[in-house]
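What follows is a set of notes on a single structure, which appears directly below.
The values are calculated or read from the model by the stated rules, or taken from the named source; none is laboratory data. Owing to the predicted nature of the structure, the values given are computational and were not obtained by experimental measurement. Cβ coordinates were reconstructed from backbone atoms using ideal geometry, including for glycine residues, and neighbour counts include every protein chain displayed.
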Amino acid sequence: MERAQRFVDALAKLEERGEVESLVSLFGEDAQVSNVASRRVFSGLEEVRQFWRDYKGTLAQVRSTFRNMIESGDRVALEWETQGTAHNGAAVSYEGVSIIEWDGDRILRFYAYFDPGLLGREMAHGTAERSEVPATTPA
């Protein structure tokens with residue numbers, strides 16, 4: 001579970017302090033990242049960096065918690081719930097699963113599965129229960 005925990009710890013640094021480099025440093029030069037809400041695959045370290053900056057910029061406040069972390073060979077599955085506050089003050093709470101493929105100690109591919117329609121409605125209309133994410137300021 002060491003690789004799964006490294007990812008979770010680096011994601012927490014991004015969400016809490018806006019520190020993107022700890023997360024990007026886990027990815028290989030040719031890594032690919034995406035999710036069901038994106039129409040594109042982000043390839044290479046500069047695009048990986050952009051993907052994670054965009055993720056952090058989507059919500060004013062954000063915090064993910066993990067229910068299950070499953071590691072088998074070079075694959076990790078993370079079941080998570082993310083809570084936060086949109087820039088318009090709307091509470092956001094959504095859940096999903098991320099699949100991470102590793103090549104040794106570097107991430108080769110990251111893909112997140114969740115309901116993008118639900119997230120969009122929550123961001124626009126504040127339909128989630130009020131989140132208890134504390135206010136943070138990016139580093």
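Applying the selection to the stretch 49-69, what residues are touching a residue at least 40 places away in the same chain (Cβ under 8 Å) and either assigned to a strand (DSSP E or B) or touching a Pro at 6+ places or on another chain (Cβ under 7 Å) (or both)?
The answer is GLN61, VAL62, ARG63, SER64, PHE66, MET69.
From the residues in the stretch 71-80 that are surrounded by fewer than 16 Cβ atoms within 10 Å (Cβ to Cβ) and touching a residue at least 24 places away in the same chain (Cβ under 8 Å), which one is farthest from the chain's Cα centre (by Cα)?
Going through the qualifying residues, I end up with ASP74.
From the set of residues in the stretch 30-47 that are without any contact (Cβ under 8 Å) to a residue 60 or more places away in the chain and either crowded, with 17+ Cβ neighbours inside 10 Å or among the acidic types (Asp, Glu) (or both), which is nearest to ILE100 (Cα to Cα)?
Here the answer is PHE42.
Just the residues that are part of a loop (DSSP other than H, G, I, E, B), free of Cβ contacts under 8 Å to residues at least 60 places away in the same chain and within 23 Å of TYR94 (Cα to Cα), please, taken from the stretch 1-29.
Answer for the stretch 1-29, where residues must be part of a loop (DSSP other than H, G, I, E, B), free of Cβ contacts under 8 Å to residues at least 60 places away in the same chain and within 23 Å of TYR94 (Cα to Cα): just VAL20.
Filter the stretch 92-129 for residues that are touching a helix residue (DSSP H, G or I) at 6+ places or on another chain (Cβ under 7 Å) and either at pLDDT below 65 or not polar (S, T, N, Q) (or both); which is nearest to MET69 (Cα to Cα)?
Restricting to residues being touching a helix residue (DSSP H, G or I) at 6+ places or on another chain (Cβ under 7 Å) and either at pLDDT below 65 or not polar (S, T, N, Q) (or both), the top hit is ILE100.
Looking at the structure I just gave you, is GLU132 among the acidic types (Asp, Glu), surrounded by fewer than 17 Cβ atoms within 10 Å (Cβ to Cβ) and at pLDDT below 95?
Answer is yes for this residue.
Being of a type outside the set (Ser, Thr, Tyr) and either assigned to a strand (DSSP E or B) or out of contact with any helix residue (DSSP H, G or I) (no Cβ under 7 Å at 6 or more places or on another chain) (or both) is the filter here, so list the residues in the stretch 77-91 that pass it.
Result: ALA77, LEU78, GLU79, TRP80, GLU81, GLN83, GLY84, HIS87, ASN88, GLY89, ALA91.
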